[in-house]
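Structure, as structure tokens:
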Amino acid sequence: MRKNLPVDELGDFLEQPFNATLATYRRDGSVLLSPVWHEWRDGGFSIITGPDDVKLRHIERQGRAVAVVSDNDFPFRGVEVSGSPSIVRDKDFGQETLQRIATRYLGEARARVYLSRSTGTAVVIRLVPGQLRTWDFADDAAEFGFGAE
């Protein structure tokens with residue numbers, strides 16, 4: 001297993017439309033795990049949510065979050081970012097971010113339909129690494145039976 005790789009060594013991994021899992025923390029300290037759409041941009045995750053989402057209240061109260069994205073196919077790449085997220089409530093920034101992310105996940109035609117029905121109130125959670133953990137198993141192909149065909 002290769003660890004602590006620069007993000008660019010993961011190739012196109014973060015450009016793929018994989019869901020991230022966002023961990024936020026409830027008042028009692030327990031964890032809420034939420035599948036979220038995201039993009040990796042400017043050295044961190046941008047995650048879209050609604051203006052009244054509980055995740056925002058958790059972040060505002062606790063000031064911390066963790067996001068993980070991983071791949072189910074060889075070379076089983078992954079990224080974990082933990083830190084103190086910022087919440088961006090700027091309407092234009094939210095809509096621009098939502099448009100990029102929706103297009104990535106849905107394709108252009110479906111994204112247009114989705115965006116035409118959106119409320120225009122997207123909020124962006126920006127999670128830039130306080131800590132960054134990356135990995136892949138590219139050096140372990142034989143252990144997983146790749147190349148044995």
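The values are calculated or read from the model by the stated rules, or taken from the named source; none is laboratory data. Just so you know, these numbers come straight off a predicted model, no measurement behind them. All Cβ positions, glycine included, derive from the backbone under ideal geometry; neighbour counts span all protein chains shown. In case anyone asks, the SASA skips ligands and DNA or RNA and just uses the protein heavy atoms, side chains included. Shrake-Rupley method; radii C 1.70, N 1.55, O 1.52, S 1.80 Å.
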Rounded, prolate or oblate for the chain? Axes are the square roots of the Cα gyration tensor eigenvalues, ordered a ≥ b ≥ c, and the cut-off for rounded is a/c under 1.5. oblate
Could you give the accessible area per residue of the chain, probe 1.4 Å, as a whole number in Å²? 57
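As an exercise, use a Förster radius of 25 Å and the Cβ-Cβ distance of Leu115 and Ser30 to find the FRET efficiency, rounded to the nearest 0.05.
Approximately 0.15, to the nearest 0.05.
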For Ala65, list long-range residues whose amide hydrogen, built 1.01 Å from N in the peptide plane, is under 5 Å from its own amide hydrogen. Gly83
Label zone at Asp52, where the point sits 7 Å out along the Cα-to-Cβ direction: the range 62-89 residues whose backbone N lies under 17 Å: none
Could you tell me what percent of the accessible area of the range 24-149 is made up of carbon and sulfur, with a 1.4 Å probe and every protein chain present? 48
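Under a Cβ-Cβ cut-off of 11 Å, what is the net charge of the residues other than Arg27 that fall near it, where Lys and Arg count +1 and Asp and Glu count -1? Could you put the intermediate results ahead of the total?
Numbers: positive: Arg26, Arg57, Arg61; negative: Asp28.
So the environment of Arg27 carries a net charge of +2.
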